[in-house]
Amino acid sequence: MHNIQAFHVPLLTSYEAINSSGHVMEKGKKEVRFVADVMVGKLAKWLKVLGYDTHYQPRYHPGEIDMFVRDGRILLTRHKRRAERLSSVAVLIRGNQVSEQLIELKRELHLEPARSTWFSRCLICNAILRHACEGVAGEKIPEYVLYQNRTNISFCPLCGRHFWPGSHRERMEAQLKEWGFPFKH
């Protein structure tokens, strides 16, 4: 038995558009975007680490999740009735540990994040990170970090947080490798 139950998820990483005579008109990739409810916050963080557009907040107002689903996001939830109500665009998460959840989600939705997208989003705001100019970054981060990472410092345009490849990132990469997301360029 799988830890995740997928309810006909229409948005996967690849797609084919077929016309009425059965001929493939278009092949391509479609961005997978998620909205994670309050029960899967850690999963949301790790999806952001992998570069997936994953909206998460600790509290939602009534109807707010529905709005994100109408906007084309796939709902990730551990709430069975919510998943059943939004069955065509929801994934019921059954695993208790984020490792189980991520591995099952990878298998069920065929997620294959490109290594180039890892660490490309703010883990708080979900915004795409931008390259930080040395002068501005120098005011916000420790001097030794700037010295070691002059060209690899990014920042979030929404919250202003700065990110760089340090030991924390190395531990996250090792964890992702353990979970079946190997480091590939």
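The values are calculated or read from the model by the stated rules, or taken from the named source; none is laboratory data. Fair warning: this is a prediction, and the values are worked out from it, not measured in the lab. Note: ideal-geometry Cβ built from the backbone for every residue, glycine included; neighbour counts use all protein chains shown.
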*Just give me the residues in the range 75-119 being farther than 13 Å from VAL40 by Cα and among the β-branched types (Val, Ile, Thr), in sequence order.*
VAL89, ILE103, THR117
*Could you tell me which of the residues ILE128, ILE124, ILE153 is free of Cβ contacts under 8 Å to residues at least 40 places away in the same chain and surrounded by 17 or more Cβ atoms within 10 Å (Cβ to Cβ)?*
ILE153
*If we keep just the residues of the range 147-180 that are in contact with a Leu (Cβ under 8 Å, 6 or more places away or on another chain) and outside any loop (DSSP other than H, G, I, E, B), which is nearest to GLY51 (Cα to Cα)?*
LEU176
*Only one of these is modelled with pLDDT of 85 or more, over 23 Å from LYS42 (Cβ atoms), touching a helix residue (DSSP H, G or I) at 6+ places or on another chain (Cβ under 9 Å) and not β-branched (Val, Ile, Thr): GLY138, GLY160. Name it.*
GLY160
*Filter the range 71-112 down to residues that are closer than 19 Å to HIS55 by Cβ and in contact with a Ser or Thr (Cβ under 9 Å, 6 or more places away or on another chain), then give me how many there are.*
10
_Quick check on my filter: what residues within the range 81-96 are assigned to a helix (DSSP H, G or I) and at pLDDT 90 or above?_
ARG81, ARG82, ALA83, GLU84, ARG85, VAL89
